[in-house]
Amino acid sequence: MSAETLAVLRHPGVLAVFGALIGSFLNVVIHRVPLRISLSTPPSRCPKCKKPVAPWDNIPIVSWLILRGKCRHCRKVISIRYPLVEAATAGLFALAGATVSNPIALAFTLAFLAAMVVVTFIDLDHMIIPDLITLPGTAIGLAAAFIGAAVEPRQALIGILVGAGGLLAVAMGYRAATGRDGLGGGDVKLLGMVGAFLGPAGAFLTIMIGSFAGTLYACLFLLRAGEGRTAELPFGTFLAPGAVIVLFWGPRIVEVYWGLFS
Ligand SMILES: [Zn+2]
């Protein structure tokens, strides 16, 4: 591939369009993987009237806006979450294009971001984090490290241990404090994957941010609902965006944090 072609492919605008298209696919993954439905068949159709969605009604973000969030045939409301997932993926891909210069590292970064978007919403919907995402994800993170497109291989290996081990410690602490199982094996495997991609410091910071955001949410929820103690927390919905924040701003956060003490 020529340098010019690479420069075009890496352009944040091009990556935003690519991200919107991938986001459209991620919507399908988020909906179908937990239900164990094939990703390719049946083709996209309206959940209410079952009419297939025509290609021109399936353009990321644009079609939803033109149709004003309703099915063309039965006018049933189409959740705003679909265009939001597409827009979020577009934004993250553009940000990655502006941040990561090595094309192979960029490809791995896009895969990591896509996985984090999927985990965020599947955990929110179903309170599960599929092994189908996190186990291959850990292997891909390791592969990236061993071909020199991410952290050092040793960092990736220690990252897996620190991520999974750290989350296990949080889970045990949570059980000791509340007497309930709040965190599952899915969270542990998710942090293994995050550690493979971001190394031990990245995994640690992800746990800190995820725990902080999750606790904050739980407190607000308790105040509002009154009986939030019975409500389970989709921890992955906080950890996965936490990992994305660490990916882009981790070193900056550490810098600011230490700056507070010196
Ligand atoms: Zn319909």
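Laboratory data are not the source of any read-out in this text; all were calculated from the coordinates shown. These numbers were taken from a predicted model, which means no experiment stands behind them. Heads up, the Cβs are rebuilt from the backbone with ideal geometry, glycines too, and the neighbour counts pull from every protein chain shown.
Annotations
- Local electrostatic count, G163, Cβ distance below 15 Å [Lys/Arg +1, Asp/Glu -1]: +1
- FRET efficiency, 1/(1 + (r/R0)^6) with R0 41 Å, evaluated for S38 and A218 via beta carbons: 0.70
- Centroid-to-centroid, using Cα positions, the stretch 119-168 and the stretch 1-45 are 21 Å apart.
- Long hydrophobic helices in the chain, taken as whole DSSP H segments with a C-alpha length of 15 Å or more on their own axis and mean Kyte-Doolittle hydropathy at least 1.6: 103-126.
- Size descriptors for the stretch 1-99, from the alpha-carbon set: Rg then Dmax equal 15.3, 49 Å.
- For the pair I66 and S101, a Förster radius of 35 Å applied to the C-beta separation gives a FRET efficiency near 0.45, rounded to the nearest 0.05.
- Each residue in R252, R175, R72 was given a count of other beta-carbon atoms within 10 angstrom of its own, and listing them fewest first yields R252, R175, R72.
- Magnitude of the charge dipole for the chain, about its Cα centre and with charges confined to Cβ atoms of Lys, Arg (+1) and Asp, Glu (-1), is about 1120 debye.
- Length-normalised contact order for the chain - Cα pairs under 8 Å, 6+ apart - percent: 18 percent
- Prolate/oblate/rounded call for the stretch 102-262, Cα gyration tensor, a/c under 1.5 rounded: prolate
- q = 0.11 Å⁻¹: log10 I(q)/I(0) that the Debye formula gives for the stretch 16-166, counting C-alpha atoms only: -0.50
- Given charges at beta-carbon only (K, R positive; D, E negative), |dipole| of the stretch 1-154 in Debye: 980 debye
- Spatially, the stretch 85-101 and the stretch 174-206 are offset by 25 Å when compared through their Cα centroids.
- Prolate/oblate/rounded label for the stretch 94-156 (Cα gyration tensor, a/c 1.5): oblate
- Close amide H pairs (under 5 Å, H built 1.01 Å from N) link K70 with I78, residues at least 5 positions away or on another chain.
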